Amino acid sequence: MIDLGHAIAEYSQAPLSQFGQAVSTAGDGFAMDAIVNTIPVPLTSGGTATMFDLKADDFATNGGSRQTLVVAGGHEGIVRHSVCAQLR
């Protein structure tokens, strides 16, 4: 979740070339200080992974039922999680 007002303010004050380079460079970013809430993804080696995108949808299973699957992408590659029915 980001503070959209903060991100817009930073965008309006940044030279276009600085913005373009920041958003197109892997591992970089623009207005990262506008991030106000994150979902921690713990690593088995300690610390947390940096994730930048999150998608969720319901998928059909082999048994004919549906299951919610959450997928996140970031520095640690792709993380997927099957959401339990009690979280719906």
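Within the range 19-28, the presence of at least one residue that is under 16 Å from the mean Cα position of the chain (by Cα), modelled with pLDDT under 85, on the phi > 0 side of the Ramachandran plot and assigned to a loop (DSSP other than H, G, I, E, B) is confirmed. Restricting attention to the range 29-38 and to residues that are part of a loop (DSSP other than H, G, I, E, B) and under 12 Å from the mean Cα position of the chain (by Cα), the residue that is farthest from Val70 (Cα to Cα) turns out to be Asn37. If only residues of the range 1-18 that are outside any helix (DSSP H, G or I) and aliphatic (A, V, I, L, M) are counted, the one that is farthest from Val71 (Cα to Cα) is Ala14. So is Ala56 without any contact (Cβ under 8 Å) to a residue 60 or more places away in the chain, in a strand (DSSP E or B) and at negative phi or not? So Ala56 fits the description; yes.
Residues that are among the β-branched types (Val, Ile, Thr) and in a strand (DSSP E or B) were ranked within the range 39-53; the one that is modelled with the lowest pLDDT is Val41.
The values are calculated or read from the model by the stated rules, or taken from the named source; none is laboratory data. Since we're looking at a predicted model, the values are computed, not measured. Cβ: placed from backbone, ideal geometry, glycine included. Neighbour counts: every protein chain shown.
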